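Each remark here refers to the structure printed beneath this line.
The values are calculated or read from the model by the stated rules, or taken from the named source; none is laboratory data. Just so it is clear, the model here is predicted, and its values are computed rather than measured. Neighbour counts run over all protein chains shown; Cβ positions are idealised from the backbone, glycine included.
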Ligand SMILES: Cc1cc2nc3c(=O)[nH]c(=O)nc-3n(C[C@H](O)[C@H](O)[C@H](O)COP(=O)(O)OP(=O)(O)OC[C@H]3O[C@@H](n4cnc5c(N)ncnc54)[C@H](O)[C@@H]3O)c2cc1C
């Protein structure tokens with residue numbers, strides 16, 4: 001099938017084939033900055049580095065966002081709960097970043113109206129919540145969508161009839177924002193690539209290239225082709241999330257653990273079982289922790305837990321105990337909905353890369369930390385999806401100083417990454433000629449102006465214009481788009497992170513996985529046995545989301 005000739009949201013190709021070209025380019029030169037880790041932190045660091053004019057590369061051992069950055073609560077938020085602990089600095093930072101992200105990527109980062117219902121005998125008392133929200137509005141420079149409002153119980157129930165009535169005092173209404181975390185991470189990686197960074201997924205840093213006590217690059221293994229290459233760089237940034245200690249251990253002056261992973265899980269439930277127009281913050285009756293319900297198209301996400309974790313970092317999963325904890329909290333706040341285990345479509349679990357400290361997991365700081373041992377390896381960890389741009393800016397300020405002092409290499413410009421994210425602009429739905437409203441809205445939300453590309457594949461081959469599974473708006477053509485424009489190179493990339501089919505239909509639509517694999521197989525050079533291997537790998541992920549059963 002030939003490629004349509006349409007303008008692209010991002011002019012430089014970011015196809016599966018680009019990955020191979022980039023792997024070849026990695027071996028060919030010495031970079032100023034090499035980033036290890038393609039979660040939201042790493043891709044933001046790469047984007048900031050290349051924007052400042054440094055020769056930049058990034059290697060990610062799996063897919064972009066396949067670690068924690070595709071398993072969050074998908075909120076860009078100021079962090080109201082930090083106000084309870086008087087962490088004003090972090091709330092101010094988060095509110096500012098929320099504002100900047102909405103400006104830079106308005107299609108991806110959308111306003112999210114929130115309700116925080118209060119009940120008799122629960123904390124905080126209404127006056128305290130309202131005081132906190134006034135501060136929250138102030139920290140957002142009164143520039144949020146709307147200032148908060150207090151709703152009396154009857155108005156709160158009118159707006160959200162699913163709330164439990166007994167003891168309801170009223171609810172505070174305020175705004176945060178929502179974001180598709182996995183797609184945001186891929187967009188930032190693509191933007192870095194568009195600006196000149198050499199970016200590759202499925203490229204694992206297996207060891208550091210040390211010369212004495214200096215780090216001069218990393219040995220990278222191509223996890224698809226199997227080849228190993230030396231990638232040389234003046235500075236290596238370790239942005240590997242919960243894996244940072246595995247990289248740091250190889251540094252000559254490593255002194256002990258940096259990160260304490262804690263696990264958080266989410267339940268995915270059909271929206272009609274918990275029909276809510278707002279995100280809702282409520283408390284777990286078991287331990288008083290905050291829990292969130294976040295509406296997500298035809299679903300709601302409910303999460304999350306926060307427990308210490310020492311299992312397999314690559315495959316965290318919800319346990320029966322985690323699911324029961326969440327169902328208990330749902331039952332307490334939404335008693336009439338009668339949500340039970342049978343309503344759980346799927347689950348997902350992520351690991352927070354929190355800064356190592358003693359004490360209870362929930363109390364651990366959400367702030368970030370940047371470590372420079374003076375060897376040429378800079379480690380960044382902690383933080384949040386919301387603060388990724390700020391973390392990157394601070395890392396680059398340090399890198400810029402180091403490159404100047406050690407190598408006489410200076411930034412070409414002092415541009416920052418506050419500018420718009422390419423491809424994340426708002427788009428006009430009426431420009432997409434489709435009769436199916438649900439599919440049209442989905443395509444415009446996910447691809448913006450590039451929805452025309454997805455449709456062009458379907459025009460060329462009408463079979464690609466059908467939905468992958470009837471209950472979800474994803475088209476087969478999106479699989480092809482993901483391979484050609486979003487560097488998807490496995491079936492899991494397509495069905496878990498470019499679309500979210502894994503989570504949104506019971507059994508992850510496994511029966512249709514082979515049909516999707518067969519659409520992309522010719523582009524990815526898969527023979528029959530590789531196609532089967534891809535389906536088996538997806539099947540293992542489906543099993544993981546239901547392992548708690
Ligand atoms: C349950 C939960 C809910 C959350 N909700 C929110 C929220 O709503 N809002 C918010 O702002 N934040 C939220 N967070 C926090 C946020 O998701 C994380 O802070 C953020 O995603 C961490 O990104 P990261 O890039 O540091 O780590 P990761 O996303 O894990 O990225 C690290 C990457 O490094 C790669 N890697 C590891 N080793 C190597 C190697 N040797 N070579 C190459 N690559 C390697 C990994 O494959 C991985 O992709 C949540 C976190 C959790 C767990």
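Points to keep in mind about this one:
- Residues satisfying the stated conditions in segment 176-186, i.e. in a helix (DSSP H, G or I) and under 19 Å from residue 390 (Cβ atoms): 181, 184, 185
- Residues in segment 460-482 that are in contact (Cβ under 8 Å) with a residue 12 or more places away in the chain, over 25 Å from the mean Cα position of the chain (by Cα) and assigned to a helix (DSSP H, G or I): 460, 463, 464, 465.
- Out of 449, 456, sole residue that is over 23 Å from the mean Cα position of the chain (by Cα), in contact (Cβ under 8 Å) with a residue 40 or more places away in the chain and assigned to a helix (DSSP H, G or I): 456
- Restricting segment 347-380 to residues that are more than 21 Å from residue 210 (Cβ to Cβ) and away from the ligand (no atom under 14 Å from the Cβ), the residue that is modelled with the highest pLDDT is 356.
- In the condition set (1) assigned to a helix (DSSP H, G or I); (2) modelled with pLDDT under 95; (3) under 24 Å from the mean Cα position of the chain (by Cα), residue 422 is compliant with all but (1).
- Of the residues 289, 271, 320, the single one that is surrounded by fewer than 21 Cβ atoms within 10 Å (Cβ to Cβ) and within 13 Å of the ligand (Cβ to nearest atom) is 289.
- Across segment 292-317, the qualifying residues are those that are touching a helix residue (DSSP H, G or I) at 6+ places or on another chain (Cβ under 7 Å) and farther than 17 Å from residue 545 by Cα, and the one among them that is nearest to the ligand (Cβ to nearest atom) is 306.
- Of residues in segment 390-409 being under 14 Å from residue 45 (Cα atoms) and surrounded by fewer than 23 Cβ atoms within 10 Å (Cβ to Cβ), the one nearest to the ligand (Cβ to nearest atom): 390
- Candidates 256, 226, 246, 241: the one that is surrounded by 16 or more Cβ atoms within 10 Å (Cβ to Cβ) and either within 27 Å of residue 389 (Cα to Cα) or away from the ligand (no atom under 11 Å from the Cβ) (or both) is 241.
- Condition met for residue 189 (within 15 Å of the ligand (Cβ to nearest atom), outside any strand (DSSP E or B) and closer than 17 Å to residue 26 by Cα): yes
- The set of residues in segment 366-379 being closer than 18 Å to residue 217 by Cβ and assigned to a strand (DSSP E or B) consists of 372, 377, 378, 379.
- The single condition among (1) part of a loop (DSSP other than H, G, I, E, B); (2) touching a helix residue (DSSP H, G or I) at 6+ places or on another chain (Cβ under 7 Å) that residue 117 does not meet is (1).
- Single unsatisfied condition, residue 417 versus (1) within 12 Å of the ligand (Cβ to nearest atom); (2) at pLDDT below 90; (3) crowded, with 22+ Cβ neighbours inside 10 Å: (1)
- Taken over segment 69-89, the residue count meeting the criterion of being within 11 Å of the ligand (Cβ to nearest atom) and either assigned to a loop (DSSP other than H, G, I, E, B) or over 14 Å from the mean Cα position of the chain (by Cα) (or both) is 7.
- Residue that is farthest from the ligand (Cβ to nearest atom), among those in segment 192-207 that are in a strand (DSSP E or B) and surrounded by fewer than 24 Cβ atoms within 10 Å (Cβ to Cβ): 207
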